[in-house]
Amino acid sequence: MSFTGKYELQSQENFEPFMRAIGLPEDQIQKGKDIKSVSEIVQDGKKFKVTVTTGTKVLKNEFTIGEESEIEMLNGEKVKAVVQMEGNNKLVTQVKGMKSVTELNGDTITHTMTMGDLTFKRVSKRI
């Protein structure tokens, strides 16, 4: 199953509390909460390029399954992480006490980030 495609944000849960918890400034949270972000994923075997565009902010990450990569987080911080694939439709990584799971089901991607007892969930559809 290939993740390659463009996906538009359909819904999100706990955006504001989660963004505050990772230290995003309040003005960025307010600007970002109502913008429909678009994620573009290019998968080439185990190599991934992910571009998330939210208004004027563009977040780009490249990684290879099972290898350490530098990932830019939502707050702009760059961290080292290893992304693993579970089955053929789930990407999982742990970064700074946060677990990130991206699951592809048909034309829908569900991205769930968990930090402590706080869970942020985004659902995006292929466009």
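Sort out which residues of the range 29-38 are open to solvent by 50 Å² or more (accessible area, probe 1.4 Å) and either in contact (Cβ under 8 Å) with a residue 12 or more places away in the chain or touching a Lys or Arg at 6+ places or on another chain (Cβ under 7 Å) (or both), and write them in order of number.
Lys31, Lys33, Ile35, Lys36 - these are the residues of the range 29-38 that are open to solvent by 50 Å² or more (accessible area, probe 1.4 Å) and either in contact (Cβ under 8 Å) with a residue 12 or more places away in the chain or touching a Lys or Arg at 6+ places or on another chain (Cβ under 7 Å) (or both).
Answer yes or no as to whether Gly97 is loosely packed, with under 15 Cβ neighbours inside 10 Å and within 14 Å of the chain's Cα centre (by Cα).
So Gly97 fails the test.
State which residue is least open to solvent (accessible area, probe 1.4 Å) when the search covers only the range 70-94 and only residues that are under 20 Å from Asp117 (Cβ atoms) and assigned to a loop (DSSP other than H, G, I, E, B).
So the first thing to find is which residues in the range 70-94 are under 20 Å from Asp117 (Cβ atoms), and the list is 73-75, 92-94.
Applying the additional criterion that residues be assigned to a loop (DSSP other than H, G, I, E, B) yields 73-75.
On the way: Met73: 22, Leu74: 57, Asn75: 53 Å².
Out of the qualifying residues, it is Met73.
For the range 72-82, give me each residue that is modelled with pLDDT of 95 or more and within 12 Å of the chain's Cα centre (by Cα).
none
Taking only pairs six or more apart or across chains, which ones have beta-carbon atoms under 8 Å, a first residue in the range 39-58 that is of a type in the set (A, V, I, L, M), and a second residue that is open to solvent by 40 Å² or more (accessible area, probe 1.4 Å) and outside any strand (DSSP E or B)?
Ile41/Thr4; Val42/Thr4
The values are calculated or read from the model by the stated rules, or taken from the named source; none is laboratory data. If you're wondering where the values come from, they're calculated on a predicted model, not measured in any experiment. Note that each Cβ is placed from the backbone with ideal geometry, even for glycine, and that neighbours are counted across all protein chains shown. The protein model used for the area step is the full one, side chains on, heavy atoms only, and it has no ligands, DNA or RNA in it. Shrake-Rupley method; radii C 1.70, N 1.55, O 1.52, S 1.80 Å.
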